[in-house]
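Working notes, structure below.
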Amino acid sequence: MKSESNYKVKHHFLVTTTSLFFFITFIAIITIFSHHLIYYRTDIKYTNNTLPSFNQTVTVQPKKEIETCDLFKGQWIPGAPLYTNYSCTTIPIMKNCLLQGRKDTDFLYWRWKPDKCEIPRFSAPTFLKILRGKKMAFIGDSLARNHMESLLCLLATGETPTLIEKDEDDKFTTWEFPKHNFTLTALWSPFLVTATKIVVNGTETGGFHLHLDRPDPKWLEKLPSMDYAVFNGGHWYFRQNSLYEGGNIMGCVYCPDPNVTHFGPGLAIGRSFRTAFKAINECKKCKRIVTFVRTFSPQHFENGEWNTGGDCNRSRLIGPDEVDRARPDWEYRDIQVKEAEAARDAGRERGNVFDVIDVTEMMQTRVDGHPGVYWRNKWMKGFNDCLHWCMPGPADTWNELLLETIKRQNRISS
């Protein structure tokens, strides 16, 4: 009896000790694992020609914060491209930098993060659902086309588009997403107003006669069919352009004529956007139009200008403290925003909406995102493209911001 009692005591002690051991071990494992989840490393190092690896976190923000935070104040954080230069079959050759031989790929692995909220990655199904049955036009210079081409690639992840119209110079292009009855158009109008080439002794000078009070009929005639219009412009105003109002010359930009009043590009930019927005608000045949201004996108030529050997060979973005704040880019951005705000007030009674996709500051740091020498332009060999953006690349962020702004307008929570 005594030995049996001792056995029971020892057995009970062994079971208790074993259970306690496993319980303590379990708590220790959970503690270590939880600590790893909460305090994971974020010090990511990048090297050229190496794809970075990183952990992504998703922060759930209160609905009110998502709807009101400033989307355009933030920073670039690690992220992955939403398509590849192989998966998107519509990337123009001149913007397909990897196909043209670019070896570094770090420029692909960044996404924009506003300071006070999260925005979701671009969703083609969401975009197409919201804009079902709508028509959207990108109106402006070749950067408007760059913007449209990026959106085309992003939307192609949800539905394959069909090309329904294209001119010989690829300046007027229309794509359709038939399942959603959504139409996407690029309309070439680098000045937004009526412009004719300046010709001297039978030779084109490269400058233009700009009629700042007459909108360009090429896009104006298509306006009544549009639901959304995305405007941009700026870089074509840096030529020797003559400026007119009421059919009379009022001045010029960078012209050699001492008898004409000289203005900077900013005046011409402001008057052109004002005329375009006035045409929208006065269009009697138009339905309600949602208009966006995508603000001035900087060029990043170094060691010269585009025609004097300038290049853009950087493979890493720069910090905000490295940005040249003396550049006139900020002036042109402010002018565009001012005109959009004035048009918003004027168009409110008609139900027109004017909004801004403010990309100027965020793109100042993306010196790494241009084609540079990797653009294969047979007409301009030896020149670098430090104006447009590689695809995929930084300009894809413009469409994430466009979608988020449209969602806010439609009171759709992220």
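Could you list, in sequence order, the residues of region 132-161 that are more than 14 Å from the chain's Cα centre (by Cα), under 30 Å from THR194 (Cβ atoms) and not in a strand (DSSP E or B)?
Result: LYS134, ASP141.
Collect the residues in region 187-207 that are part of a strand (DSSP E or B), closer than 25 Å to GLY234 by Cβ and either free of Cβ contacts under 8 Å to residues at least 60 places away in the same chain or aromatic (Phe, Trp, Tyr) (or both), keeping them in residue-number order.
LEU187, TRP188, THR194, ALA195, THR196, LYS197, ILE198, VAL199, GLU204, THR205, GLY206, GLY207
Find the residue count for region 87-120, including only residues that are in contact with a Cys (Cβ under 7 Å, 6 or more places away or on another chain) and of a type in the set (S, T, N, Q).
Of the residues in region 87-120, 1 are in contact with a Cys (Cβ under 7 Å, 6 or more places away or on another chain) and of a type in the set (S, T, N, Q).
Just a yes or no: is a residue in region 278-288 within 20 Å of the chain's Cα centre (by Cα) and farther than 28 Å from CYS386 by Cβ?
Within region 278-288, none of the residues are within 20 Å of the chain's Cα centre (by Cα) and farther than 28 Å from CYS386 by Cβ.
I'd like the residue in region 240-283 that is part of a loop (DSSP other than H, G, I, E, B) and either among the polar types (S, T, N, Q) or touching a helix residue (DSSP H, G or I) at 6+ places or on another chain (Cβ under 9 Å) (or both) and, out of all such residues, is modelled with the lowest pLDDT.
Going through the qualifying residues, I end up with ASN259.
Please work out which residue is farthest from TYR374 (Cα to Cα), limiting yourself to region 307-359 and to residues that are acidic (Asp, Glu), under 19 Å from the mean Cα position of the chain (by Cα) and assigned to a helix (DSSP H, G or I).
Here the residue is ASP334.
Listed residues LEU108, LEU131, LEU152, LEU210; which is touching a residue at least 60 places away in the same chain (Cβ under 8 Å) and farther than 22 Å from VAL359 by Cβ?
Among LEU108, LEU131, LEU152, LEU210, only LEU210 is touching a residue at least 60 places away in the same chain (Cβ under 8 Å) and farther than 22 Å from VAL359 by Cβ.
Could you please tell me which pairs satisfy a Cβ distance under 8 Å, a separation of 6+ or placement on different chains, a first residue in region 157-186 that is in contact (Cβ under 8 Å) with a residue 60 or more places away in the chain, and a second residue that is among the aromatic types (Phe, Trp, Tyr) and not in a strand (DSSP E or B)?
Taking only residues 6 or more apart or on different chains, the pairs are THR157/TYR83.
Just one of (1) closer than 30 Å to LEU99 by Cα; (2) in a loop (DSSP other than H, G, I, E, B); (3) not charged (D, E, K, R) trips up MET362, so point out which.
(2)
Which residue pairs have Cβ atoms closer than 9 Å, lie 6 or more positions apart in sequence or on different chains, and pair a first residue in region 217-229 that is of a type in the set (S, T, N, Q) with a second residue that is in a strand (DSSP E or B)?
From region 217-229, the pairs are SER225/LYS135; SER225/ALA137; SER225/THR183.
Out of region 187-202, which residues are polar (S, T, N, Q) and surrounded by fewer than 22 Cβ atoms within 10 Å (Cβ to Cβ)? Don't jump to the end; show me each part of the working.
We begin by selecting, within region 187-202, every residue polar (S, T, N, Q); these are 189, 194, 196, 201.
The answer is THR194, THR196, ASN201.
Can you work out which of the residues in region 375-395 that are closer than 18 Å to THR89 by Cα and either in contact with a Lys or Arg (Cβ under 8 Å, 6 or more places away or on another chain) or buried (at least 23 other Cβ atoms within 10 Å of the Cβ) (or both) is modelled with the lowest pLDDT? Can you show your working first?
Applying the first criterion (closer than 18 Å to THR89 by Cα) to region 375-395 yields 375-376, 389-393, 395.
Adding the requirement that they be either in contact with a Lys or Arg (Cβ under 8 Å, 6 or more places away or on another chain) or buried (at least 23 other Cβ atoms within 10 Å of the Cβ) (or both) leaves 375, 389-393, 395.
Numbers: TRP375: 85, TRP389: 98, CYS390: 98, MET391: 98, PRO392: 98, GLY393: 98, ALA395: 98.
Here the answer is TRP375.
Residue by residue through region 98-129, note down the ones that are under 24 Å from LEU184 (Cα atoms) and out of contact with any strand residue (DSSP E or B) (no Cβ under 7 Å at 6 or more places or on another chain).
ILE119, PRO120, ARG121, PHE122, SER123, ALA124, PRO125, THR126, PHE127, LYS129
From the list LYS63, LYS73, which residue is of a type outside the set (A, V, I, L, M, F, W, C), surrounded by fewer than 13 Cβ atoms within 10 Å (Cβ to Cβ), farther than 20 Å from LEU154 by Cα and at pLDDT below 95?
LYS63
Taking region 100-124 on its own, how many of its residues are within 16 Å of SER150 (Cβ to Cβ) and not charged (D, E, K, R)?
Here the count works out to 7.
The values are calculated or read from the model by the stated rules, or taken from the named source; none is laboratory data. Everything quoted here is computed from the prediction, not taken from an experiment. Note that each Cβ is placed from the backbone with ideal geometry, even for glycine, and that neighbours are counted across all protein chains shown.
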